[in-house]
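Heads up: the structure comes next, in structure tokens.
The values are calculated or read from the model by the stated rules, or taken from the named source; none is laboratory data. Being a predicted model, the structure only gives us computed values, none of them experimental. Cβ: placed from backbone, ideal geometry, glycine included. Neighbour counts: every protein chain shown.
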Amino acid sequence: MRLYNDYLKDKYGCKVHRVALDAGFSCPNMESGGCIYCNSKGSRASYVVPSETIRQQLETRIQYLRKAKNAKKFIAYFQAHTNTYASVDELKAAYDQATGFDDIAGISIGTRPDAVDREKLKLISSYKENYEVWLEYGLQSAHDRTLKLINRGHTFDDFSNAVKLTKEFGIPVCAHVILGLPGETKLDMMATAKKLAKLNIEGVKIHLLHILKGSGLEKLYKEGKIGLLEQDEYVKLVCEFLSNLAPDIIVQRLTGQGSKDDHIAPLWALDKIGTIEKIKTVIGGGQGPTKSFDKSSGLRTEQSRNTKQSKFSLRPL
Ligand code: SF4
């Protein structure tokens, strides 16, 4: 496995920054109540102003990243809602706005497995000649009983068929999964990893189950009906999950949390860097946590490094 940032850096010779967008598309599943972990923002990043055009959103964020991080190259990430849920002409207009912008190295398109067809995939594959292109499918779990419980509105077979169709067009696929979903055991989560490995997808984003304001889960959580993972449990699960994936997979995300305004629980999830450091320590690719997270102050404080080595390591493709 390889981390996405390393993969992009090797390919483009510098750090490539992702710029999350809300292109104004909606989501077919929201018409049926939506996934229980999602709110009306449809996974939109907190810095995005949805009333702005794609060009304005890119301009604002790229200007910020150039100034604050000396950023040189960018991936336009169509993140919010379902970014293939429109006509081919509307999709082309949106993707063209993003690719027409200076220093865009590629586009990443987040969508649902039941919202693609040959015509849309043909359009998306047409950008491959000049850009890095990824199609990101929400899956979350390979178990149909869980998909039903979380109201995904599709089955694992729907996902599997979408992946096969996408592969016909040579478009790399990144699957999103959530660890800690209600009713899932460790064995269930590992079975999801093994099923993904069989599909030969190119990338994965691993999320932690967390509670967002305005989501279906919020009420269940407040009624005490939803249990959440502790940080150490999550770290172990991620490491074991990774060990079950295909050896050449590109890992695009290791945890997940909501924006400060929307995130309800668990609070430790807000310490994203600390969680990633712990994961890297266990898999042997990092220096170990150097800071601890204080939930009450929201600050991270120095602590000694953990040099524990792992059973497997990050390695180049
Ligand atoms: S498919 Fe995505 S945007 Fe739609 S309800 Fe589910 S998580 Fe939200």
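When the residues of the stretch 166-187 are filtered to those that are closer than 30 Å to GLU129 by Cβ and over 16 Å from the mean Cα position of the chain (by Cα), the one that is farthest from the ligand (Cβ to nearest atom) is GLY170. Would you be able to say whether some residue in the stretch 154-161 is of a type in the set (D, E, K, R), under 29 Å from VAL19 (Cβ atoms) and free of Cβ contacts under 8 Å to residues at least 40 places away in the same chain? No, the stretch 154-161 contains no residue that is of a type in the set (D, E, K, R), under 29 Å from VAL19 (Cβ atoms) and free of Cβ contacts under 8 Å to residues at least 40 places away in the same chain. Out of LEU181, LEU196, which single residue is assigned to a helix (DSSP H, G or I), buried (at least 17 other Cβ atoms within 10 Å of the Cβ) and either in contact with a Cys (Cβ under 8 Å, 6 or more places away or on another chain) or not aromatic (Phe, Trp, Tyr) (or both)? After ruling out the rest, the residue left standing is LEU196. Screening the candidates THR275, THR255 for the property of being in contact with a strand residue (DSSP E or B) (Cβ under 6 Å, 6 or more places away or on another chain), closer than 22 Å to ASN5 by Cβ, hydroxyl-bearing (Ser, Thr, Tyr) and modelled with pLDDT of 95 or more yields one hit, THR255.
Residues in the stretch 136-144 include at least one that is touching a residue at least 60 places away in the same chain (Cβ under 8 Å) and at positive phi. When LEU187 is tested against the conditions (1) part of a helix (DSSP H, G or I); (2) in contact with an Asp or Glu (Cβ under 8 Å, 6 or more places away or on another chain), the lone failure is (2). Do we find a residue being in contact (Cβ under 8 Å) with a residue 12 or more places away in the chain, over 22 Å from VAL48 (Cβ atoms) and surrounded by fewer than 19 Cβ atoms within 10 Å (Cβ to Cβ) anywhere in the stretch 250-259? No - not one qualifying residue is present in the stretch 250-259. The single condition from (1) more than 16 Å from the ligand (Cβ to nearest atom); (2) closer than 23 Å to ALA175 by Cβ; (3) of a type in the set (A, V, I, L, M, F, W, C); (4) at pLDDT below 95 that LEU8 fails is (4).
Scanning the stretch 45-82 for residues that are of a type in the set (Gly, Ala, Ser), in contact (Cβ under 8 Å) with a residue 60 or more places away in the chain and within 10 Å of VAL19 (Cα to Cα) turns up just one, ALA45.
Between CYS14, CYS38, the distinction of being touching a residue at least 40 places away in the same chain (Cβ under 8 Å), farther than 21 Å from ILE206 by Cβ and in contact with a Leu (Cβ under 9 Å, 6 or more places away or on another chain) belongs to CYS14 only. Within the stretch 11-39, the set of residues being away from the ligand (no atom under 16 Å from the Cβ), surrounded by 14 or more Cβ atoms within 10 Å (Cβ to Cβ) and part of a loop (DSSP other than H, G, I, E, B) comprises LYS15 only.
The set of residues in the stretch 200-225 that are aliphatic (A, V, I, L, M), over 18 Å from the mean Cα position of the chain (by Cα) and over 16 Å from LEU147 (Cα atoms) contains only LEU220. ASP248 meets the conditions (1) modelled with pLDDT of 95 or more; (2) more than 26 Å from ALA45 (Cβ to Cβ) in every case but one. The failed one is (1). Taken over the stretch 102-113, the criterion of being without any contact (Cβ under 8 Å) to a residue 60 or more places away in the chain and either surrounded by fewer than 16 Cβ atoms within 10 Å (Cβ to Cβ) or within 16 Å of the ligand (Cβ to nearest atom) (or both) is satisfied by ASP102, ASP103, ILE109, THR111, PRO113. The set of residues in the stretch 49-90 that are in contact with a helix residue (DSSP H, G or I) (Cβ under 6 Å, 6 or more places away or on another chain) and either closer than 18 Å to PRO28 by Cβ or within 16 Å of the ligand (Cβ to nearest atom) (or both) comprises THR82, THR84, TYR85, VAL88. Exactly one residue among VAL133, VAL116, VAL163 is over 18 Å from ALA76 (Cα atoms) and away from the ligand (no atom under 16 Å from the Cβ), and that residue is VAL163.
Only residues that are over 21 Å from HIS207 (Cβ atoms) and surrounded by fewer than 21 Cβ atoms within 10 Å (Cβ to Cβ) were counted in the stretch 116-165, giving 18.
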